[in-house]
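Reviewing the structure listed below.
The values are calculated or read from the model by the stated rules, or taken from the named source; none is laboratory data. Source: prediction; values computed, not measured. When we count neighbours, we look across all protein chains shown, and the Cβ atoms used for this are built from the backbone with ideal geometry, even at glycine. The accessibility values were calculated without ligands, DNA or RNA, using every heavy atom of the protein model including side chains. Shrake-Rupley method; radii C 1.70, N 1.55, O 1.52, S 1.80 Å.
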Amino acid sequence: MKRLLQASPFVLQTKVRTAFLICPLLTTGFSQDLAAQQEDQQAVIEHIEVTGQYLNLPNGTGDASDQLREKGVNFSSAGGISPLPILRGLNDDRVKLLIDGAETTSSCANHMNPALSYIDASRVQSVNVLAGITPVSMGGDSIAGTIIIESEQARYADSPDALLKSGAVAYTYRSNNHNHGTALNATIASEKVSLSYSGSFDKAESYRDGNGDKVLDTLYRSESHNLTLGMRDEQQSMTLKLNHHEVPYQGFPNQYMDMVGNISNSINFHYLRNFNWGQLDTRLTWQDVDHEMGFFTGEKTGSMPMMTEGRDIAYKIAAEIPLSDDHTLRIGNEFHRFTLDDWWPALEGSMMMGPDDYVNINDGERSRYAVYIESEHALNNSWKFLAGLRYEHVIMDADEVQPYNSMSMSMGSMNVDAPAALAFNASDRHRRDDNFDVTAVLSYTATQNTSVDFGYARKTRSPNLYERYTWGRGTMAMTMIGWFGDANGYVGDIKLEPEIAHILSATLTWHNDNRTSMLTATPYYTYVDNYIDAKKIGTFNPRMAMQVTRPRLQFTNLDAELYGIDINASTQLFTQSKHKVNLTGNLAYTHGERKRDGGDLYHIMPINIKLALEHQVLSWTNRLEFEWVDNKDKVDAIRLENKTGSYTLVNLSTHYDWQAFSITVGISNLFDRNYDLPLGGVNFAGWSAGGKTGQFESLPGQGRSINTGIKYAF
Ligand SMILES: [Cu+2]
């Protein structure tokens, strides 16, 4: 359903600037030529991007995961707008997600509010996915790669006397979950000053699976309001973005809790200036989040309030210095501080959840100080070399905590949280990590039709606050921690070490002379020292259901190994007068295991193949997609991950541009196939509402849906 739209000139500039440093092929990246686009995706630092018009509808509202899915990013299921990204088997915090250059940390023990949940799909202007090896100037504090999302850019009038006035309104509807989305934007700008507003509203009921059964607790509602002020002259540009985002409710079918409120305000200030020695890029970002968990729907019932307050503050200073025509130097300094309070107010009249508030994380702090240097050098016409070194100093700390009560017995059983709190408060909680990242990539253009890129990266991530500082040992407390959708219980470990990934990867690229057909293959290998995984420290019976036994897990460092291959191909099957027919395909295979016992890692996507046939005539595009996913029989035994079956989905869509209108009509899951999501986790809400009988089953995927969108631009 996605179409590559012509980028505005401003976007083009910024794109070329960022793209140049990592991909020699990027100069062709904005052509409508399919093969060339495909080729851009293939450098060893996989550089993948989509550029859309300001206001992407009728592609849709909601989270931007659809725009990323087709770029090879997988997602583990969570709430309707909060799925967690997985790149080549590495999930969530291991992926660095930059939205307009800002990093947002999840302020929730279930990671219900990941960075991606704050950007509505309608606002996404461009997406870059750098899987695996990432330039150090775009990395740090991540081991899987970097996803770069840009929202609406400031747009300006073409000439001194002109005034730019433009805008768009759009509406989308998806039949399966009665999802209504509305988005609008308006811009007024002179040649030097630009002001724009964008807003979105999105609301969905719980979706239905291929059997027509409701998948409980998958409903949500969200809205966002965003102001962008831009100013520029010949030497400099300044952009100020103010964002307000609200989620009144969002169901999480594979968690014990739901989101009953998430309010976020953020400021993003960006200043860019050209000097005679090069360019200076500075950014200041701030985001405050008020997050509340509880229960809001009859589809999953309970009573327990949980509150979280988080704040991200950061600056970034980056200098790009062209030393000669074929040699560029980049140096930078970054600072990022995340602070967090997480507490669970006492429940009145409850023996177990009172009389005190449970303090989960008190004044948690995670601060990173980073510097890097990077050199990009074209050695001659066929060889190019990129190398970088990055150092980060990470400081983490948390204050003393308290359990609901300090009695040694509670409801006739041992109150294990009381001694756990004493032990936590007596421990030294201050931690410092010194993290080094290295990237080295060689690109070799062998012939006019073939090239190879290969490289090595060492990437480091320090544990997050929840991995180091959650401490409760009781069943209830432990089941509140974890972003895995497995309904297991988790506890942190202050002594956790940072995880260090060593990544080797190569990309082989072939295309024909006129670039209408191309093929690339990217094999990769990653060894992770001190991979943060889980070890079993006990068991429990969820919700007193004695037939279900789940593990109590503690975060722990283990060594892990991941390898796989991505293959992409595209060809122009047919072209005659105004008609064009293209076929694209890709295959992804990932394997992940623990080195100690060869056990399979959690949430590894089975081998899968996607094929898309696209027919274009003038401004009319038709698209037919097949997606095949193999059985998932390699599962994490420690987390009791479920196996899932193989499935094939077919999607069909048509898109038409007529004057100021764009219209899309599509059918996803055309044959209403019923299937389980390989990365969906367990259907806890369904189990709970169904009388808590039997074992936890897998979360089903969405059945057939008729999706429509209409946009009017003025
Ligand atoms: Cu939460």
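Key figures
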| quantity | calculated |
| --- | --- |
| Considering residues of region 448-468 that are open to solvent by 40 Å² or more (accessible area, probe 1.4 Å) and among the aromatic types (Phe, Trp, Tyr) only, the residue nearest to THR520 (Cα to Cα) | PHE454 |
| Which listed residue, of VAL359, VAL394, is aliphatic (A, V, I, L, M), part of a strand (DSSP E or B), open to solvent by less than 40 Å² (accessible area, probe 1.4 Å) and out of contact with any Lys or Arg (no Cβ under 7 Å at 6 or more places or on another chain) | VAL359 |
| Of residues in region 282-298 being open to solvent by 30 Å² or more (accessible area, probe 1.4 Å) and away from the ligand (no atom under 14 Å from the Cβ), the one nearest to TYR118 (Cα to Cα) | ASP288 |
| Enumeration of residues in region 646-667 that are free of Cβ contacts under 8 Å to residues at least 60 places away in the same chain and either of a type outside the set (Val, Ile, Thr) or buried (at least 20 other Cβ atoms within 10 Å of the Cβ) (or both) | SER646, TYR647, LEU649, LEU652, TYR656, ASP657, TRP658, GLN659, ALA660, PHE661 |
| Condition broken by ASP312, with the remaining ones in (1) in contact with an Asp or Glu (Cβ under 6 Å, 6 or more places away or on another chain); (2) open to solvent by less than 20 Å² (accessible area, probe 1.4 Å); (3) more than 16 Å from the ligand (Cβ to nearest atom); (4) over 21 Å from ALA64 (Cα atoms) satisfied | (1) |
| Within region 228-274, considering residues that are over 30 Å from GLY302 (Cα atoms) and charged (D, E, K, R), the one farthest from the ligand (Cβ to nearest atom) | GLU234 |
| Qualifying residue in region 90-103 (condition: without any contact (Cβ under 8 Å) to a residue 40 or more places away in the chain, more than 16 Å from the ligand (Cβ to nearest atom) and open to solvent by 10 Å² or more (accessible area, probe 1.4 Å)) | no |
| Hits in region 487-504 - residues which are open to solvent by less than 10 Å² (accessible area, probe 1.4 Å) and within 22 Å of the chain's Cα centre (by Cα) | ALA487, GLU499, ALA501, ILE503 |
| Qualifying positions in region 406-425 - modelled with pLDDT under 80 and either open to solvent by less than 90 Å² (accessible area, probe 1.4 Å) or among the β-branched types (Val, Ile, Thr) (or both) | SER408, SER410, GLY412, SER413 |
| Which listed residue, of ALA685, ALA637, is in a loop (DSSP other than H, G, I, E, B) and closer than 26 Å to ASN91 by Cα | ALA637 |
| Hey, ASP437 surrounded by 20 or more Cβ atoms within 10 Å (Cβ to Cβ) and at negative phi or not | yes |
| Region 668-714: number of residues that are touching a Gly at 6+ places or on another chain (Cβ under 6 Å), modelled with pLDDT of 95 or more and open to solvent by 20 Å² or more (accessible area, probe 1.4 Å) | 5 |
| Qualifying positions in region 258-281 - closer than 30 Å to SER77 by Cβ and either buried (at least 20 other Cβ atoms within 10 Å of the Cβ) or in contact with a Ser or Thr (Cβ under 6 Å, 6 or more places away or on another chain) (or both) | ASP258, MET259, ASN262, SER264, SER266, ASN268 |
| Breaking point among (1) open to solvent by 10 Å² or more (accessible area, probe 1.4 Å); (2) within 16 Å of the ligand (Cβ to nearest atom); (3) modelled with pLDDT of 95 or more, for GLY80 | (3) |
| Condition met for ARG550 (open to solvent by 10 Å² or more (accessible area, probe 1.4 Å) and at pLDDT below 95) | no |
| Identity of the residue in region 372-390, open to solvent by 70 Å² or more (accessible area, probe 1.4 Å) and in contact with a strand residue (DSSP E or B) (Cβ under 9 Å, 6 or more places away or on another chain), that ends up nearest to TYR466 (Cα to Cα) | LEU389 |
| Region 671-714 - residue that is under 26 Å from the mean Cα position of the chain (by Cα) and without any contact (Cβ under 8 Å) to a residue 60 or more places away in the chain and, of those, nearest to LEU649 (Cα to Cα) | ASP676 |
| Boolean, GLY585 is open to solvent by less than 70 Å² (accessible area, probe 1.4 Å), free of Cβ contacts under 8 Å to residues at least 40 places away in the same chain and part of a loop (DSSP other than H, G, I, E, B) | no |
| Those residues of region 593-607 which are under 20 Å from the mean Cα position of the chain (by Cα) and of a type outside the set (A, V, I, L, M), in sequence order | TYR602, HIS603, PRO606 |
| Scope region 104-146; condition within 14 Å of the chain's Cα centre (by Cα), among the β-branched types (Val, Ile, Thr) and more than 16 Å from the ligand (Cβ to nearest atom); matching residues | ILE119, VAL124, VAL127, VAL129, ILE143, THR146 |
| Residue satisfying all of: in region 329-344; out of contact with any Lys or Arg (no Cβ under 6 Å at 6 or more places or on another chain) and more than 23 Å from PRO135 (Cβ to Cβ); most open to solvent (accessible area, probe 1.4 Å) among these | ARG337 |
| Any hit, region 553-560, residues being over 23 Å from the mean Cα position of the chain (by Cα), open to solvent by 30 Å² or more (accessible area, probe 1.4 Å) and modelled with pLDDT under 95 | no |
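Residue-wise test of (1) in contact (Cβ under 8 Å) with a residue 12 or more places away in the chain; (2) within 30 Å of VAL260 (Cα to Cα).
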{"site": "MET307", "(1), (2)": "yes, yes"}
{"site": "ASP342", "(1), (2)": "yes, yes"}
{"site": "PRO345", "(1), (2)": "yes, yes"}
{"site": "GLU348", "(1), (2)": "no, yes"}
{"site": "GLY354", "(1), (2)": "yes, yes"}
{"site": "ALA370", "(1), (2)": "yes, no"}
{"site": "GLU374", "(1), (2)": "yes, no"}
{"site": "ARG390", "(1), (2)": "yes, no"}
{"site": "ASP397", "(1), (2)": "yes, yes"}
